[in-house]
Amino acid sequence: MKHTTLKIIYTNFWSHPVRSLGLVILTAIASATLLSSVIFSKSLDTGFEQLSSRMGADLLIVPFDSEAKDQSILLQGDLSNHTLPREVLDFTRKLPGVKIASPQFYFTTLSASCCDKKVNIIGFDSKTDFTIKPWIRKTYKSEFKPGYVIAGSDIDIEKGGIIKFFDKEFTVVGTLEPLGNKLDQAIFADIETIELLREAAASKGYNFIPKEKPSAILVNLENGADFEKISQSLYEQFNDLQVIPRKNMFDSIIATAGSFKIAVWIISGLFLLIVIAVVYIAFSVSTNERKREFATLLIIGATRKKLTNIVLGESLIASGSGAFAGTLFGAVGIISFRFLIQDNLQIPFSLPNASTILVTIIGALFIPAIAGIGAAYHIARKVGKIDIYTALKEDA
């Protein structure tokens, strides 16, 4: 009898292939959207967490016409060709309330053995740095020597741990964990190594690396330091610079990310509601068309519970197969295109840990499937209570 029930379910499902495949595709879209929404949101949260843990500066000082004033260096790794006079760094270090000020140097080169696209170079002073070194220490704990560099997670390194710039070899002593933005495609080097790189570039006719002129200055303040007073002192002493407090560094990018998260959740919820509505309507129409069939099954000995199980079984096939296909497609899609997402959205995006992804996949499998079965449950119960005489008379 059980084998017969399964056969009836399978036969009924394929007796209307267009309707059945439509339900499968719709559930697949809902499942893929749900999984993508959750992973997308979690990836943004993970990216911001990792980024904020790296960014320990209270103030950021940049040239006024630098892209950094829109947080692009910190958040996307887009580098600026503009620099600050060395005097700005010396003056900042002497200001009351400044605990430490450390320079960073940004530039881009295409002349590298590792990549077909541009390579971002970020230089720092290992003696005063307090933002990059804590990140790097997880990978490389020794002292930096001239010629040593740290590679971002997306940089391909030659065998032997060597990378070339302007025909000069540099030793890669570590690869950083993914951050989820263009800093993953960067090379990090101490200022002594930056000087070697500058000399190598100059020997090839490139003089795009200004000597001892920082692209940005990161500042840590003492407790109780007056930010407004420090900013005013800098603005009075120098033209064409901008002082950005920590609280403003992520405002615009967080707002953008929040808008993306709201949009994807609305779309996900909308598809889930559509699945519930369409499954309900489709099975309602289907069972009305098949009243005579159900009445006949009752006459030949089928139980009312069996009729209910037949309808739920058909719903399970449609919702279950759709949820499986959608989850598989969504997982492969978002993992495969994560770098494209990073480049186009230009916001921190780093996949969450494996356990979070696994839980999300399980949720994307079961939630749309359960929603589909739940939508058909009311119809299935009505079929289980069908009156044989009325069904046969209405269909006559």
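What are the pairs with Cβ atoms under 8 angstrom where one residue, in the stretch 89-107, is within 12 Å of I217 (Cα to Cα) and touching a residue at least 12 places away in the same chain (Cβ under 8 Å) and the other, located anywhere, is of a type in the set (F, W, Y) and surrounded by fewer than 19 Cβ atoms within 10 Å (Cβ to Cβ)? Sequence gap at least six, or different chains.
F91/F238; I100/F130; S102/F130
Which residue out of A391, A376, A354 is over 25 Å from P178 (Cα atoms) and modelled with pLDDT of 75 or more?
A376
Kindly provide the set of residues from the stretch 194-221 that are surrounded by fewer than 19 Cβ atoms within 10 Å (Cβ to Cβ) and closer than 19 Å to V88 by Cα, ordered by number.
Correct list: P210, K211, E212, K213, N220.
Look at the stretch 150-174 and say how many of its residues are within 28 Å of the chain's Cα centre (by Cα) and farther than 19 Å from K118 by Cβ.
Final tally of qualifying residues: 2.
Just give me the residues in the stretch 66-89 being open to solvent by 30 Å² or more (accessible area, probe 1.4 Å), modelled with pLDDT of 55 or more and farther than 13 Å from P210 by Cβ, in sequence order.
E87 - this is the single residue of the stretch 66-89 that is open to solvent by 30 Å² or more (accessible area, probe 1.4 Å), modelled with pLDDT of 55 or more and farther than 13 Å from P210 by Cβ.
With (1) part of a strand (DSSP E or B); (2) open to solvent by less than 50 Å² (accessible area, probe 1.4 Å) as the list, and T92 as the residue in question, which single condition is left unmet?
The one condition T92 does not meet is (1).
Just give me the residues in the stretch 183-193 being open to solvent by less than 40 Å² (accessible area, probe 1.4 Å) and either at positive phi or in contact with a strand residue (DSSP E or B) (Cβ under 9 Å, 6 or more places away or on another chain) (or both), in sequence order.
Within the stretch 183-193, L183, Q185, A186, I187, F188, A189, D190, T193 meet the criteria.
The values are calculated or read from the model by the stated rules, or taken from the named source; none is laboratory data. The structure presented is a predicted model; accordingly, all values stated were derived computationally and were not measured. Please note: Cβ atoms are built from the backbone with ideal geometry, for glycine as well, and neighbour counts cover all protein chains shown. The accessibility values were calculated without ligands, DNA or RNA, using every heavy atom of the protein model including side chains. Shrake-Rupley method; radii C 1.70, N 1.55, O 1.52, S 1.80 Å.
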